Amino acid sequence: MRYALIADIHGNLQALETVLADIDKQAVDDIVCLGDIVGYGPNPAECLKLVRERCEGLIVAGNHDIAAGGENPEFLGINPTWHDSFRWTRSRLNDAERTYLRTLPLQFELDHFVAAHGKPQPSSDDIAEARKIDFDRYNTYVFYGTKHGAPEETTELRHIHSYVKHLHAQNPTLFAAVFGHTHRPFIYSGDMILVTYPHPDQRTTLTMPRESGTVLVNVPSVGQPRDDDWRTGYALIDEKTVTLVRLVYDNMATVSALTRNQCPSNDLLRRFLIHGSNER
């Protein structure tokens, strides 16, 4: 089985459509969404509809999805800067859409991998109970470190990698954890970390062959990259390889939609969309 992995769409319809068009050329069996379909961006309802159509139930909840679905944003650790944005997003979703977002699973296993939005981990089967007890842990950001400008493993990476190796020992066909949440993609094998670098004029791919062992995959953000590369992206995974894909899309159309749809925090969102960072 070959899967496409998408994450952190954040209501960016132009980016989502570009990614799905590229995925359609890759002969995948299914598309898995790793959460944060909505939040921030100008087209939450349209993105939710498209993801539901294309992912056929293979969707985990992101913290923005749960917040937009009606949970208290303070409970989910959402920065108060974005509370107006959450209220705006909720206003663009109907009752059925908000209910759907509230009932998405936090994590599931599928063939070769365990899928989550943030930190994958052993979880409760009861969604409501898991959200009360475990959400802070699910909501953990999983970054790689840097040393002299080069990617470096962190304690968090080693911890999750140990968990995946435990799952792999129980089920040898499962060899990966896939997640998003940081908007900063990488592939980690225990021996190396691969990351993408800005190349704004074209489509680029980064592939790690897999002969044995286990890997962690932090999937590129579809709708709001934060790794100083504004391009959209997604990942591909099968038994033999993991690939990160970055794509040019019409980000200025999304910037225009922010203004047209009167999205809160417009200036900050513009910086993410144009530069892949809020620091410029």
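General observations
- Residue identified as touching a residue at least 60 places away in the same chain (Cβ under 8 Å), of a type outside the set (Lys, Arg) and surrounded by 17 or more Cβ atoms within 10 Å (Cβ to Cβ) among LEU93, LEU16: LEU16
Conditions tested, residue by residue: (1) in contact (Cβ under 8 Å) with a residue 40 or more places away in the chain; (2) surrounded by fewer than 22 Cβ atoms within 10 Å (Cβ to Cβ).
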| position | (1), (2) |
| --- | --- |
| MET208 | no, yes |
| ARG231 | yes, no |
| ASP238 | yes, yes |
| VAL242 | yes, no |
| ARG246 | yes, no |
| ASP250 | yes, yes |
| ALA253 | yes, yes |
| SER256 | no, yes |
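- Test for ASP267: is it surrounded by 15 or more Cβ atoms within 10 Å (Cβ to Cβ) and acidic (Asp, Glu): no
- Condition met for LEU16 (touching a helix residue (DSSP H, G or I) at 6+ places or on another chain (Cβ under 9 Å) and under 30 Å from ASP111 (Cβ atoms)): yes
- Flag for HIS183 being in contact (Cβ under 8 Å) with a residue 12 or more places away in the chain and at negative phi: no
- Picking from residues in region 180-201 that are surrounded by fewer than 17 Cβ atoms within 10 Å (Cβ to Cβ) and within 26 Å of TYR40 (Cβ to Cβ), the one that is modelled with the lowest pLDDT is PRO200.
- Counting only strands (runs of 3 or more DSSP E) that sit wholly inside region 17-123, those with at least 3 residues that are touching a strand residue (DSSP E or B) at 6+ places or on another chain (Cβ under 6 Å) and within 30 Å of THR154 (Cα to Cα) are 30-33, 113-116.
- Here TYR141 passes the criteria (1) touching a Ser or Thr at 6+ places or on another chain (Cβ under 6 Å); (2) modelled with pLDDT of 90 or more except the one numbered (2).
The values are calculated or read from the model by the stated rules, or taken from the named source; none is laboratory data. Keep in mind that what you see is a predicted model, and the values were worked out from it rather than measured. Cβ sites come from the backbone with ideal geometry, for glycine too, and all protein chains shown count toward neighbours.
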